[in-house]
Amino acid sequence: MDKLKCLSGATLKHIALITMLIDHTNKAVLFQYLLMDNPPAIVVWLSEAFDILGRIAFPIFAFLLVEGFYHTRSKSKYLRNLLVFAVISEIPFNMYTSAELFAAWHQNIFFTLAIGLCVIWGIDALKERKAKWQLPAIGIVILGCLAATLGEVDYSYQGVLVITLFYLFRDNMLKSLIAFIPLLRTPWAILGFATTNLYNGERGKQFKWLNYWFYPAHLLILGLIRIYYFHG
């Protein structure tokens, strides 16, 4: 198994970014053609293929969030960056999802990651201070899931549970299968969970701010394409 661990954190992040771009291109562009009468067969096939590949992204992002939690020099700055880019990304996210500047019904993935970070941070603090931390930890998870549900963030409470399970079972060889449980209704997500098992523990060459800015930048471009070509 160790011989298969060939991907650094940077490589995993690149895979997640590419598959996320594929997924969002599918939803912003190909889906619009599928809404038309008699869409070309090639578009239908590409959309199905893109949808499968797009399921790879979130499990990797959730996994890397937990790894980042353990390796960051400042958890508070980590949370701050997630929240700042959650705000920056919201209008591009609205443009991409609904072709509108403001849409309260759905919030972007940075909010999901921020809630997940708060949950595992809270559990981690309990584990350091209390011998019997499990029961209070359940309360923190419930609050996080409520926040994700009421806030209507991307992946909702399932996303928070995936992050939490990656954290709780970080040292378990079956962590990817356990963390997959909340996304059982999205079976192709197993590809993303399987990919996390190839992590070799090395950070790799990171482009921190490029990784952050990629999300709002590509959503803005896809949002403009959707508005111009399909809602103009």
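The values are calculated or read from the model by the stated rules, or taken from the named source; none is laboratory data. Note that the structure is predicted; figures quoted are calculated from it, not measured. Heads up, the Cβs are rebuilt from the backbone with ideal geometry, glycines too, and the neighbour counts pull from every protein chain shown.
The set of residues in the stretch 2-19 that are touching a residue at least 60 places away in the same chain (Cβ under 8 Å) and not small (Gly, Ala, Ser) comprises 4, 5, 6, 7, 11, 12, 13, 15, 17, 19.
Just so you know, in the stretch 25-62 the residues that are crowded, with 17+ Cβ neighbours inside 10 Å and of a type in the set (Ser, Thr, Tyr) include one that is nearest to residue 82 (Cα to Cα), and it is 25. Listed conditions (1) touching a residue at least 60 places away in the same chain (Cβ under 8 Å); (2) under 13 Å from residue 64 (Cα atoms); (3) out of contact with any strand residue (DSSP E or B) (no Cβ under 8 Å at 6 or more places or on another chain); (4) part of a helix (DSSP H, G or I) are all met by residue 206, apart from (4). Scanning the stretch 68-82 finds one or more residues that are crowded, with 21+ Cβ neighbours inside 10 Å, modelled with pLDDT of 95 or more and touching a helix residue (DSSP H, G or I) at 6+ places or on another chain (Cβ under 7 Å).
Of all residues in the stretch 204-230, those being under 19 Å from the mean Cα position of the chain (by Cα), at pLDDT below 95 and not aliphatic (A, V, I, L, M) number 5. Summed over the stretch 97-136, residues that are under 16 Å from the mean Cα position of the chain (by Cα) and of a type in the set (Gly, Ala, Ser) total 2. Before we move on, is residue 133 in contact with an Asp or Glu (Cβ under 7 Å, 6 or more places away or on another chain) and either farther than 24 Å from residue 211 by Cβ or surrounded by fewer than 14 Cβ atoms within 10 Å (Cβ to Cβ) (or both)? No. Of the residues making up the stretch 71-103, those that are under 20 Å from residue 167 (Cβ atoms), out of contact with any Leu (no Cβ under 6 Å at 6 or more places or on another chain) and in contact (Cβ under 8 Å) with a residue 40 or more places away in the chain are 71, 75, 81. The set of residues in the stretch 23-75 that are closer than 21 Å to residue 231 by Cα, of a type in the set (D, E, K, R) and outside any helix (DSSP H, G or I) contains only 37.
Going through (1) surrounded by fewer than 20 Cβ atoms within 10 Å (Cβ to Cβ); (2) within 18 Å of residue 111 (Cα to Cα) one by one, residue 170 falls short only on (2). Flag set for residue 65, criterion: closer than 20 Å to residue 158 by Cα, of a type in the set (A, V, I, L, M, F, W, C) and either buried (at least 19 other Cβ atoms within 10 Å of the Cβ) or out of contact with any Phe, Trp or Tyr (no Cβ under 7 Å at 6 or more places or on another chain) (or both).
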